[in-house]
Structure formats: structure tokens, C-alpha cells
1. Taking the alpha-carbon set of the range 237-328, what are its Rg and Dmax in Å?
2. How large is ³J(HN,Hα) for each residue in the range 125-137, as worked out from phi by the Karplus curve 6.51 cos²θ - 1.76 cosθ + 1.60 (θ = phi - 60°), to whole Hz, x for Gly and Pro?
3. Please report the accessible area of residue 100 (heavy atoms, 1.4 Å probe, ligands and nucleic acids excluded) in Å², nearest 10.
4. Show 286, 322 ordered by accessible area, largest first, where the area counts protein heavy atoms only and the probe is 1.4 Å.
5. With viscosity set to 1.567 mPa s and temperature to 4 °C, compute the Stokes-Einstein D of the range 131-194, Rh being the Kirkwood radius across alpha carbon pairs; µm²/s, no decimals.
6. Where in the range 270-295 does the amide nitrogen come within less than 19 Å of the point 7 Å from the Cα of residue 185, taken along Cα to Cβ?
7. If the range 85-127 were replaced by its equivalent ellipsoid, with semi-axes equal to the square roots of 5 times the Cα gyration tensor eigenvalues, what would those be, largest first, whole Å?
8. Could you compute Rg(Cα) / (2.2 N^0.38 Å) for the range 219-267, with N its residue count?
Amino acid sequence: MRGRRRFRTAVVSATAVLLCAGVLSGCTAGGPDATAEPSGKAAARPTPDPHATQTPTLPLTPTPIPTPTLPLTPNPTPPPNPLWDVSPGSVAAVGDSVTRAFDACAVLADCPEVSWATGTDTAVNSLALRLLGPEKVATRSWNLARTGARMAELPEQMAGAAAEKPELVTVMMGANDACRATPELMTPVADFRFSFETALARLRADAPKAQVYVSSVPDLKHLWSTGRLSPAGLKVWKLGICGSMLADAEDLGPAAERRRATVRERVVAYNKVLEEVCAEDERCRYDDGAVFGFRFAGGQLSPWDWFHPSRDGQARLAELAYRRITKE
């Protein structure tokens, strides 16, 4: 009996090994799979086709979502200042003899028709003519400047300008604060600042949306260096015009040069005040020193005093102002 049992066990084991070699891997070398069906049912399973392509089963992993790549664009250009209108519809001018075009047409006389700011002379082509056209200059522009005025007078002039409710006010003031009989009489910088701040405040009280264009004070020393070459100019200057700068025009000694340098330094300080105060007002534009830096030649100075702008000089001032005011 034991021999038969051993033989039967050996036959069953051999048969199992042969079956495992010919079918799917459901068995192990030691015997049938622990999870296999009983032998009676195993025969009912379909036999896989050995020539069929088996699709491998991959582990399920999340598919990464690609990050969208945005196109590179340059930094946007900031929009222009929306508070500044490059084409105002009315102009009021305040200032001194330059804005009144003193000595531009005749000796010792104002000639407002050739003023750089509000003149009607087409040869000058004033700022008002450029902005408004000839048909509106008479009714939409006002020249409130006064020959001989200093900065202390500007608040009063500005109040008069505000009453007209202009869209643009031009300011050219300060030369007379430096042009005194002697340098000691020049307007102190602190007083100059106070008057200019007061003038802007006066305008804002009655015309809060009016734009303001502020011209720098001309370089008086350059005017001296140009005019002193004219014998006629030297004769006129001896009558007492702008003594702090033009007195003893032919004297090139150290004392005279120090005096002229002192006056020029004061003009530079005035222009610094104009720039700083204007920068605090969002509707104000300073000319960035354009008038101070302009090199007036002989033909751009009055043939009567070799100091004030001639018609041609007035035209150059109009051009400088128009360029700055209409800049986007």
C-alpha cells in the first residue's frame, strides 16, 4: 500500500509540473496556486492563446498638468499725465517787460502785439496764435503783465488772471528781482519763493483747473556778454538799466566779475525756486531751464537797449513755450 501511495503521489506531482509549464503562471514549483479553483473546475477555464499580444498593465499615476507659458511682453508705457491738456482753449499771460514786449517795436515803449505769449503779429507767431488761431486770440487771451514788475506783484497779477478762468496761464517773472541798482538790493530768495507760492495759491483759489507754464529767468550774464560788444548798447546801459549786472559793462576786473557772478548765482537760485514750487503743483510745467539756457544773439535783442528781446527774440520765446506746453 505504501508503495502504491508513493507512486500515486509522484504521478500527481509530475502531472502538476507539466500542467504549470503549459498554462498561465497560476502555479508554483511546489504545487497548485493556493487561490486556484478545485481541479474539477479548472478544466473549464479557457486556455489563453500563447500567440496573443498581452497589454501590460501600468500603474495609475496622475498626469502632470503643464504650466501655460505666457508670451513675454515689454513693460507697458505709462499713460501721459491726464491732467495736462496739450491744446488749451484760452491763455492768460502774467509777468514783466519781456511779456509786454518792451523795446521790441519802439524805444521805451511796450509792444504787446509782438509779445511771445499773446501777440497777434504773425511774424512772431505767439503762443496764443499757435494754440488758439488768429480768430480767437482777441477774445480768448489776456496779457496782464507789467513792465518793471517783480515777483512780489505776481499774486495780484495771478488773481486778475484767475478772474478770466483761463485754461492756461503763462508766467515769466524774476528778471527785475535780480536787475536792481546793486546786487545788495536783489530780492532775497526766501521772499521770492513766498511770493511765487502765494501767487499759485491765489490762482488755485479761483481757477483750480488752470494749467500753468513757468518760464525760467533769462541768463542776465549772457545778455551782458552779448550786448557789451555793441557801442550803442554800452551807451544805453550807462543810463542805468539793470545796474547790478550791466553797470561798468567794460570793466573786466575781479570786483566787477564777482559782482556779475553774484547776480548770476541769484538768477540760478530763482530758477531753482520756480522749478521746485511748480513741481508741487500737478497742473504746472516748468520750462526745464530752456529760456535761461537760450543763447540770445545780437539779432534777437532790442536795437534800442540790447537787453530786451527783439521781434525775433520774442518769436524764439514763443517757440520754446509752445514746444514745452504741447509735449505729450
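1. Over the range 237-328's Cα set, Rg and Dmax evaluate to 15.9, 47 Å.
2. 6, 4, 4, 5, 4, 5, 7, 9, x, x, 6, 10, 4
3. 50 Å²
4. Values: 286 20, 322 75 Å².
Largest to smallest exposure gives the sequence 322, 286.
5. Numbers: Rh = 13.6 Å.
Calculated translational D: 95 µm²/s.
6. none
7. On the way: eigenvalues 89, 27, 7 Å².
Each semi-axis is √(5λ); the values are 21, 12, 6 Å.
8. Details: Rg = 9.9 Å, N = 49, 2.2 N^0.38 = 9.7 Å.
Relative to the 2.2 N^0.38 Å estimate, the range 219-267 comes out at 1.03.
The values are calculated or read from the model by the stated rules, or taken from the named source; none is laboratory data. Owing to the predicted nature of the structure, the values given are computational and were not obtained by experimental measurement. Glycine also receives a Cβ, built like all others from the backbone with ideal geometry; neighbour counts cover every protein chain displayed. Please note that ligands, DNA and RNA were not included when accessible areas were found on the heavy atoms of the full protein model with its side chains. Shrake-Rupley method; radii C 1.70, N 1.55, O 1.52, S 1.80 Å.
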